[in-house]
Amino acid sequence: MDMTAGLPAATEQRSLPGDFAIWIFIYAELLVFGVFFLAYAFARSHNVELFDAQQRFLDRNTGAINTLVLITSSFLVVRAVNAIRRDAAAVCARWLTAAIACGGIFVALKLGEFHAKFAAGVTLSTNTFYMFYLSLTFFHFMHVLMGMVILAVVAVKARRGAYSAASHTGVETGASYWHMVDLVWIVLFPLVYVMH
Amino acid sequence: MQYRSQAVAKPYFIAAIGLFVGQILFGLVMGLQYVWGDFLFPEIPFNVARMVHTNLLIVWLLFGFMGAAYYLVPEESERELHSPGLAILLFWVFLIAGALTILGYLLVPYAGLAKLTGNDLLPTMGREFLEQPTITKIGIVIVALGFLYNIGLTILGGRKTVVNLVLLTGLTGLALLFLFAFYNPDNLVKDKFYWWWVVHLWVEGVWELILGSILAFVLIKVTGVDREVIEKWLYVIIAMTLITGIIGTGHHYYWIGTPEYWQWWGSIFSAMEPIPFFMMTVFAFNMVNRRRREHPNKAAVLWALGTAVMAFLGAGVWGFLHTLAPVNYYTHGTQITAAHGHMAFYGAYVMIVLTMISYAMPILRGQEASDERSQVLEMWSFWLMTVSMVFITLFLTGAGILQVWLQRYSTDPIPFMAAQEKIAIFYWLREIAGVVFLIGLVLYVVSFFVKGGRPAMASAADTA
């Protein structure tokens, strides 16, 4: 990553969609999650039985549905970017709203999952597996909320006509962030819920 | 000077430098006490020297931050300060309260000071860095509120820039987090837990916002690079600071009785804390390389670049050295911590205040930049202080590594005091480096009184 180029004006460098600054965030977020995933792998390698045994108690069906929901939302965001490239701002806003709705479904399902775990008495101190499960899913959950806020801001601005085919960096910026949120989940779900 | 009220910064800067000299003198006393335990005993016992050394540091940095804010806020807001009179009044309140507190430390036994100041009514004393009598703490809150009121109204009534808003956020956070100094639960775990909300969330949270905004301001001024470019960097840097620094508090929660997950959270997030500092280094050099003017104040540019490098080394690299829980298990509370503390405070906060003073003081005294001879002397002091601080850090790191080995890691660990004797050579070397630092500081003070050489002139290439 060239940290010195592009920053002054995102328009200088068209190879990256969206504002250059969001890419610094994206890389930083991926780095944090990446280190977290490595720590998970490290901890699991020292305690494979515990991790395998505890993993069975996770709600894989909800996790799988949430995976589909997030992938769908990413598709909807892509449609939104395509729409604004055709100068169809109202259509763009509608696709974004649909993507936010998917985010809402994810959040609702996740809250149900958290509720079930907390009702069963699970805490961060239950064991190392649950420490990772709760930390990783909670941090990701916060990113979904953050992504929804960003998409909502972009959708409102799109509806007000702030973007056009010629100038829509904001839409691409929001879309890039949302794809990152999706990407992290696509790694997180198999890693924590499925692989053993 | 664009606005008359910016002049209130001057007494703040002068007081800051004066207290800085005091801090270093007590540092030298304490450094000597490491190897000569009875030095100045019983007049100035080690614990008192340490308290004065650290408290003076905090107080003079606060003077520096306030002076920096009074200087840059009117210029950024494009209006006079809301109340210059209030700023001067608070200056005297803070200076007198600070002086009385230090005299209290030196003249009255600590327990007596606690009784004298009515600590029983609201006990807050007796905790590292928060040793101030409760009444002094209340004074600090009053000064902070008055200061925020003054700065806040100036910003809200004028041009709102990113530099201003980040600075205001940092200063507000500084004031709010200090309120945890009044929370003093009986439970020692809880006490330490919230104590870090002042100590850690200051220096690895809101103070970094203050650092970032002051650095951005000076770079805008001395490089003439577009404000939009610098502001975007500032946004990214402070976001990274907060993402890593807030949960990074966990690196203090490994062994104080808090749940075990802090070992993971603290390790993972604080391992990322060097990133914003590295970005700051890239930022500063990048902006200076792309400068659109040659500012006559070379010393200020040197300080700005020095801050960016030394903050990364001291806070970033030396912090990372012992931030991971498995490493910290052995290094906790050893001289490794002292090494990190010295270079981080110097690199990040001492140097940013000196950067601001270096930039603003000549202007406050009616010149765009100091005379050539004065600047040369100032640059000498920069190198003497910075290089000697590198050596202080290296010697303490050497002491720390040896201490960890002798006292904690080897198959046959020896007691604390036995280990201290074996590492005494490092303490002597550190003391010598400390004397060089003092010489650098004296030259720094002298540089304000030196005139002559080619007078500094506004650059013809000034396009800003």
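Read-outs throughout are calculated quantities, based only on the coordinates presented, and are distinct from any laboratory measurement. None of these values were measured; they are calculated from a predicted model. All Cβ positions, glycine included, derive from the backbone under ideal geometry; neighbour counts span all protein chains shown.
Summary table below
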quantity: Theoretical gain in end-to-end length, B:Met417 to B:Trp36 [0.36 nm per residue, Cα-Cα removed]; calculated: 135.8 nm
quantity: Helix axis angle, B:207-223 relative to chain B longest principal axis, alpha carbon, degrees; calculated: 30
quantity: For the stretch A:110-189, the spread of Cα positions along each principal axis, largest first, Å; calculated: 53, 22, 14
quantity: Highest average packing first - B:381-393, B:434-446, Cβ atoms within 10 Å; calculated: B:381-393, B:434-446
quantity: Hypothetical label at B:Ile88: residues of the stretch B:1-22 whose amide nitrogen lies under 16 Å (7 Å Cα-Cβ projection); calculated: B:4-15
quantity: Calculated FRET efficiency for the pair A:Ala108/A:Asn82, C-beta based, R₀ 30 Å, to 0.05; calculated: 0.60
quantity: Calculated FRET value between A:Thr126 and A:Ser167, using beta carbons and R₀ = 45 Å, to 0.05; calculated: 0.35
quantity: Scattering curve values for the stretch B:52-111, log₁₀ I(q)/I(0), Debye with Cα scatterers, q = 0.19 Å⁻¹; calculated: -0.76
quantity: Modelled FRET efficiency - R0 35 Å, A:Phe138 with B:Asn187, Cβ distances, 0.05 increments; calculated: 0.85
quantity: Two-site label geometry, B:Glu294 and B:Arg365: point separation in nm, points 7 Å out along Cα→Cβ; calculated: 2.4
quantity: A:Val48 versus A:Val149: modelled label distance in nm, points set 7 Å from Cα along the beta carbon direction; calculated: 4.2
quantity: Rounded to 10°, Cα long-axis angle of helix A:128-159 versus longest principal axis of chain A; calculated: 20
quantity: Rough spin-label spacing in nm, given labels placed 7 Å along Cα→Cβ, for B:Val436 and B:Glu78; calculated: 4.8
quantity: Ellipsoid semi-axes in whole angstrom, largest first, where each is sqrt(5λ) of the Cα gyration tensor of the protein assembly as shown; calculated: 44, 35, 23
quantity: Kirkwood-based shape ratio for the stretch B:16-94, expressed as Rg/Rh from alpha carbons; calculated: 1.20
quantity: Hydrodynamic radius of the stretch B:333-445 per Kirkwood, over alpha carbon pairs, in Å; calculated: 15.8
quantity: Cα point-scatterer Debye curve for the stretch B:1-160, base-10 log of I(q)/I(0) at q = 0.09, 0.19, 0.20 Å⁻¹; calculated: -0.36, -1.10, -1.17
quantity: Normalised contact order of the stretch B:1-160, rounded percent, pairs of Cα under 8 Å and 6 or more residues apart; calculated: 31
quantity: Descending semi-axes in Å of chain A, equivalent ellipsoid built from Cα gyration tensor; calculated: 35, 20, 12
quantity: For residues of B:254-266, the mean tally of beta carbons on other chains within 10 Å; calculated: 3
quantity: Sum of -39500 (n - 2.57) over DSSP H runs of 4+, divided by residues of chain B (222 nm, nearest 500); calculated: -23500 deg cm²/dmol
quantity: Spin-label zone in the stretch B:190-226 - amide nitrogen under 18 Å from a point set 7 Å from the Cα of B:Phe129 along the C-beta vector; calculated: B:190-212
quantity: Cα-based helix-to-principal-axis angle, B:261-271 vs chain B, degrees rounded to 10; calculated: 40
quantity: Estimated D of the stretch B:187-241 in µm² per second, where Rh is the Kirkwood radius over Cα pairs and Stokes-Einstein applies at 4 °C, 1.567 mPa s; calculated: 102
